[in-house]
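Take a look at the structure below.
The values are calculated or read from the model by the stated rules, or taken from the named source; none is laboratory data. These numbers come from a predicted model, not from an experiment. All Cβ positions, even for glycine, are placed from backbone atoms using ideal geometry, and neighbour counts span all protein chains on display. Quick note on the areas: whole protein, heavy atoms, side chains included, nothing else; ligands and nucleic acids left out. Shrake-Rupley method; radii C 1.70, N 1.55, O 1.52, S 1.80 Å.
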Amino acid sequence: MKVEALKSILKELGIECARTIEEKVDLQFSALENLQKNLNDDELFLKLVIANSIVSYQLSGKGEDWWWEFSNYFSRNPPTGSIVKAYSEFFPRSKTNKRLIQPKLNRLKKLEPFLNSLTIEDLRKYYENILRFRDHLAKVMNANEDAKTIVFAVKMFGYGSRIVFGEFLPYPMEIDIPIDFRIENYTKKFTDRNPIAFWKEVAKEVGIPPLHIDSILWPVLGRNEEVIKRLQKYCKNWKAVLSLISL
C-alpha cells in the first residue's frame with residue numbers, strides 16, 4: 001500500500017529531518033535569511049514576511065523564485081511608510097507575481113492596520129503562541145483558519161521568527177497543510193479524499209505536524225537542482241526524502 005509506505009518513510013524521517021530541510025534546503029528560508037540580514041529591522045522584516053505570504057497565490061513563476069524576488073527587491077527598497085504603497089510599486093516590476101494585482105493590494109489594505117498595531121514584542125508572543133496568531137490573522141482577513149494563504153502565512157511567519165529570535169518552536173498539530181498545486185497533485189497519488197483531512201490524519205499517525213510534512217515534501221516536489229544538491233549535502237536521509245517523490 002502506497003499510503004503505508006508514505007507513513008513509514010515519514011516516521012523514519014521525523015521532525016528533525018523536517019527542520020534540517022526547512023533551515024538548510026528550502027530556498028524560501030534562505031530568501032528570508034537574506035532579507036533579514038539586509039533590512040536590519042526585525043519588526044519590519046516579520047511584517048513583510050506576513051504581508052508577502054498573504055499575496056503568495058496565483059503566481060506567475062515558482063514559489064522559490066517569487067520569495068527570492070521579494071527578498072532582493074525589499075533588500076534594495078525597504079518600505080519607509082505604507083506596505084500597501086510599497087507593493088503597489090513592487091508588483092508592476094515583479095516577474096513572478098503578475099496576476100490579480102488589485103485583489104492582492106486589497107488584501108494588503110485589509111491586513112495593514114493589523115500589522116501597524118504590532119510591536120516586536122507582540123510578534124515574539126505570537127511566535128510563542130502561533131495558534132493565536134493563526135486565529136487573529138484569519139479573523140483580520142475574514143478567512144477560514146485552514147485557508148491556504150492563512151496557514152502558509154503561519155508557516156512563513158514561523159520561518160521568519162526562527163531567524164529573528166534564534167529559537168526552533170515546532171508548529172502545532174492543529175495547523176493544516178497549505179494546499180497548493182504541488183501538494184494537491186501529490187496527494188492524488190494516495191487518495192481522492194480531502195487533502196487537508198488526509199494529511200491531518202497522516203500527521204497524527206507519524207507524529208509530524210502538517211506544516212512540517214509540507215516542509216519535507218514541498219521543496220523536493222519542485223524538482224529544483226539547487227534543492228536536490230542541498231538535500232544531499234545537509235540531510236543524511238536524503239535518499240528516503242527523494243523516495244517519497246517516486247511513491
Criterion (open to solvent by 20 Å² or more (accessible area, probe 1.4 Å) and either under 14 Å from the mean Cα position of the chain (by Cα) or within 25 Å of Leu48 (Cα to Cα) (or both)) met by exactly one of Asp214, Asp135: Asp135
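Rundown of residues vs (1) at positive phi; (2) without any contact (Cβ under 8 Å) to a residue 40 or more places away in the chain; (3) under 15 Å from the mean Cα position of the chain (by Cα), yes/no style:
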| site | (1), (2), (3) |
| --- | --- |
| Lys125 | no, yes, no |
| Ile150 | no, yes, yes |
| Pro172 | no, no, yes |
| Lys188 | no, yes, no |
When you scan the range 195-239 for helices (runs of 4 or more DSSP H) that lie fully inside it, which ones turn up with 3 or more residues that are closer than 15 Å to Glu23 by Cβ? 210-221, 225-234
If you go through the range 170-177 one residue at a time, do you hit one that is of a type in the set (A, V, I, L, M, F, W, C), outside any loop (DSSP other than H, G, I, E, B) and over 18 Å from Glu64 (Cα atoms)? no
Tell me yes or no: at least one residue of the range 75-94 is of a type in the set (A, V, I, L, M), modelled with pLDDT of 95 or more and either in a loop (DSSP other than H, G, I, E, B) or open to solvent by 50 Å² or more (accessible area, probe 1.4 Å) (or both). no
Please pick out the residue among Glu226, Glu184, Glu201 that is within 17 Å of Lys155 (Cβ to Cβ), among the acidic types (Asp, Glu) and open to solvent by less than 90 Å² (accessible area, probe 1.4 Å). Glu184
With surrounded by 17 or more Cβ atoms within 10 Å (Cβ to Cβ), of a type in the set (D, E, K, R) and either assigned to a helix (DSSP H, G or I) or at pLDDT 95 or above (or both) as the only criterion, which of Arg99, Arg107 stands out? Arg107
Six or more apart or on different chains, Cβ under 7 Å: which pairs go from a residue in the range 12-23 that's closer than 11 Å to Ile208 by Cα to one that's surrounded by fewer than 18 Cβ atoms within 10 Å (Cβ to Cβ) and of a type in the set (Gly, Ala, Ser)? Could you list them? Glu12/Ala240; Leu13/Ala240
